[in-house]
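**Q** Encoded as structure tokens, here's the structure I'll be asking about.
Just so it is clear, none of the values below were taken in a lab; they were calculated from the coordinates. Since this is a predicted model, take the numbers as computed values, not measurements. As a convention, Cβ positions derive from the backbone with ideal geometry for all residues, glycine included, and neighbour counts pool all protein chains shown.
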Amino acid sequence: MRECGMLLPVASLPSRYGIGAFSKEAYDFIDTLKAAGQSCWQILPLGPTGFGDSPYQSFSAFAGNPYFIDLEKLTEEGLLTREECLDTDFGSDERDIDYKKIYDGRFPLLRKAYERWKEGRTPELVHELAGRKLGDETREYCFYMAVKSHFDSCSWNLWDEGIRLRKPEALEAYRAMLTDEIGFYEFQQIKFEEQWKALKGYAHEQGIRIIGDIPIYVAFDSADSWSRPELFQFDENNMPGAVAGCPPDGFSATGQLWGNPLYNWEYHRKTGFAWWMRRMEYCFCMYDLVRVDHFRGFDEYYAIPYGDPTAEFGHWERGPGIEIFRQMQAYFGGDRLPIIAEDLGFLTPTVRQLLKDTGFPGMKVLEFAFDAGEDSDYLPHKYGTNCVVYTGTHDNDTAEGWYASLDEHGRKFVREYIGAGYTPEGELHWDLVRAALGSVADLAVIPVQDYLGLGTSARINEPSTLGKNWRWRMSGEDLNEETVKRCRRLAGIYGRLRA
């Protein structure tokens, strides 16, 4: 079945409180997707973020970002007052996310809400409620964050030795000492899950599926690596010998140094990939489809010596290959796992074979189609049906920004290929959207910025840079009635209109 959807991070939704959330604006966006004839909403990872604010560097693979908790719903529950929310400075630019102000303003509000929520509840009742509503890994994240707060937000490798190495007597002592702080983080996760479940349910009522996104790796500064060091390539002091990234490419001349711990795949094999089964089970409950970032890492992964300042001197190691996906198929059953493989970048024959063996749809990005002469595999006439086509992803410039950066030869080829000879200046993004929707790909997903024709200032992320990413927000007036009608008309023309 041919479908189409839009890519918009939750954080990029409009909101009066500085960052997109599971608020009325999220429900309004779902209504807009329905009116525009779409069937999918693709988002970025929903995990709690740390330094750099990247959703791909989360404190847990099993927890939600408290920034997305809707403060208005907390006021409706009597846990906050409207005045308390409005008196908090979240920043004044409706197009920008000021993460420092979000951090400084939101957690004191959540603390007030928690203090009111726990009235009449003993610590034992709070933890009993969390035990009923939250999974074990999510609760371990709550413990991790409580200890992290105790150590002034330092990464776990800087904690006192007993708790850093998870000695039983230290674990017991810190759980007792930090009972209330643990409860605060459990409260956040309970509210996150309640609100997300309601929003996802509303999306389903409107015929909209949610495409989630998970990083292949977890962050070093995370509950995952602290609580389960055996899962990773750590030494006797639980420190990595090598870390993850990717080699020099079109995004970066020195490669991308992600710094994530690498998996001990031999251990995972011995346990039947049990941790991965739990992780994917969590994701399949959260989302309808899951885009797995850096799919290549399952075939081969790039190992960079720990402490290197760049990714230039890493080397490739073998990953688990098809074995992990066969285990997933046996574990979850069904005809096909609801996975989209992020197979971008340089693909070796073994990666291509792995993708073929899994049967997962891969990704096609139009902006890549014109970067490799005139014979790129990303040109639409080379697609098969089992793929997802994008004009660009969250890592790309917007379509208009990208086109403006091309040299004259590149622009000429773009216009010749997509037949843009009569396109008015500033509207080339619509022709790129047409090229994506008109392709044979089963699913076409267009970033909202490309429907709006926005320039580079609306870019979500520029890999290997810090301080300017994950900040763009959509205005409430951007997707106006005229644009929505045009989206719906194109979905209908190219056989992608939702029923």
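**Q** Mind grabbing the base-10 log of I(q)/I(0) for the range 394-489 at q = 0.10 Å⁻¹? Debye formula, identical points on the C-alpha positions, no solvent, two decimal places.
**A** -0.29
**Q** Ranked from highest to lowest mean number of other Cβ atoms within 10 Å per residue, what is the order of the peptides 396-406, 261-271, 475-485?
**A** The most tightly packed comes first, giving 396-406, 261-271, 475-485.
**Q** Okay, next question. For a label point 7 Å from the Cα of MET239 along Cα→C-beta, name the residues of the range 295-322 whose backbone N is under 18 Å from it.
**A** Correct set: 304-310.
**Q** Taking the simple approach of a point 7 Å from Cα along Cα-to-Cβ for both GLU317 and ASP180, what is their distance in nm?
**A** My value for the distance between the label points is 4.4 nm.
**Q** Using the crude model of +1 on Lys and Arg Cβ and -1 on Asp and Glu Cβ, and no other charge, please compute the dipole size for the chain relative to its Cα centre, in debye to 20. List each step's numbers first, then the result.
**A** Numbers: 55 positive and 78 negative charges, 263 e Å.
The calculated dipole for the chain is roughly 1260 debye.
**Q** I would also like to ask the following. If you place +1 on the Cβ of every Lys and Arg and -1 on the Cβ of every Asp and Glu, how big does the dipole about the Cα centre of the range 346-474 come out, in debye to the nearest 20?
**A** Details: 12 positive and 18 negative charges, 76 e Å.
Using Cβ point charges on Lys, Arg, Asp and Glu, the range 346-474 gives about 360 debye.
**Q** Run the numbers for ASP93 and THR350: contour at 0.36 nm per residue of separation, minus the present Cα-Cα distance, in nm.
**A** 87.8 nm
**Q** Could you pull out every residue, at least 5 positions away or on a different chain, whose amide H is within less than 5 Å of the one on MET363? Hs are placed 1.01 Å off N in the peptide plane, and Pro or chain starts have none.
**A** Residues meeting the criterion, in which the H sits 1.01 Å from N, are ASP343, VAL388.
**Q** Between ASP375 and ARG269, with labels modelled 7 Å along Cα→Cβ, what's the label distance in nm to one decimal, could you check?
**A** About 3.8 nm, to one decimal.
**Q** Something else about it: Please work out how much length the chain gains when fully extended from ARG411 to ASP249, using 0.36 nm per residue of separation minus the C-alpha to C-alpha distance, in nm with one decimal.
**A** 56.1 nm
**Q** Against the longest alpha carbon principal axis of the chain, how many degrees, from 0 to 90 and to the nearest 10, is the axis of helix 179-205 turned?
**A** 30
**Q** Give me, ordered by chain and number, the residues 5 or more places off ILE446 or on other chains with an amide H under 5 Å from its own placed amide H.
**A** Answer set, sorted by chain and number: GLY5, MET6, LEU7.
**Q** Same structure, new question: Which stretch or stretches of the range 172-212 have amide N atoms under 17 Å from the point lying 7 Å from ARG116's Cα along the Cα→Cβ direction?
**A** 184, 187-188, 191-192
**Q** Same structure again: What is the distance in Å between the Cα centroid of the range 173-240 and that of the range 3-77?
**A** Spelled out, the Cα-based centre of one part sits 16 Å from the other.
**Q** What size of dipole, in debye to the nearest 20, comes out for the range 7-85 about its Cα centre when the only charges are +1 on Lys and Arg C-beta atoms and -1 on Asp and Glu C-beta atoms?
**A** Roughly 240 debye for the range 7-85.
**Q** Suppose the Debye formula is applied to equal point scatterers at every Cα of the range 295-395; what is log10 I(q)/I(0) at q = 0.10, 0.15, 0.16, 0.18 Å⁻¹?
**A** The Debye formula, applied to the Cα set alone, gives -0.35, -0.75, -0.83, -0.99.
**Q** Efficiency by 1/(1 + (r/R0)^6): what FRET value for GLU482 and ALA404, r their Cβ-Cβ distance, R0 = 30 Å, to the nearest 0.05?
**A** 0.80
**Q** Given bins 5 angstrom wide, list per bin the percent of all Cα-Cα distances in the range 452-499, short to long.
**A** 5, 16, 18, 15, 15, 14, 10, 5, 1
**Q** Moving on. Which GluC sites (Glu not before Pro) does the range 85-182 hold that lie in a coil by DSSP with at most 12 other beta carbons within 10 Å? Intermediate values should be presented prior to the final figure.
**A** Working: sites: GLU94, GLU115, GLU119, GLU124, GLU128, GLU137, GLU140, GLU161, GLU169, GLU172, GLU181; in loops: GLU94, GLU119.
Listed in order of number, the matching sites are GLU119.
**Q** Still on this structure: I need the chymotrypsin sites (Phe, Trp or Tyr not before Pro) found in the range 8-97, filtered to DSSP loop residues with at most 13 other beta carbons within 10 Å of theirs. Let's see the in-between values first.
**A** On the way: sites: TYR17, PHE22, TYR27, PHE29, TRP41, PHE51, TYR56, PHE59, PHE62, TYR67, PHE68, PHE90; in loops: TYR17, PHE22, PHE51, TYR56, PHE59, PHE62, PHE90.
The qualifying sites are PHE51.
**Q** Pick out, in residue order, every one of the GluC sites (Glu not before Pro) in the range 273-378 that is DSSP loop and has at most 16 other C-beta atoms within 10 Å; say none if there are none.
**A** GLU312, GLU374
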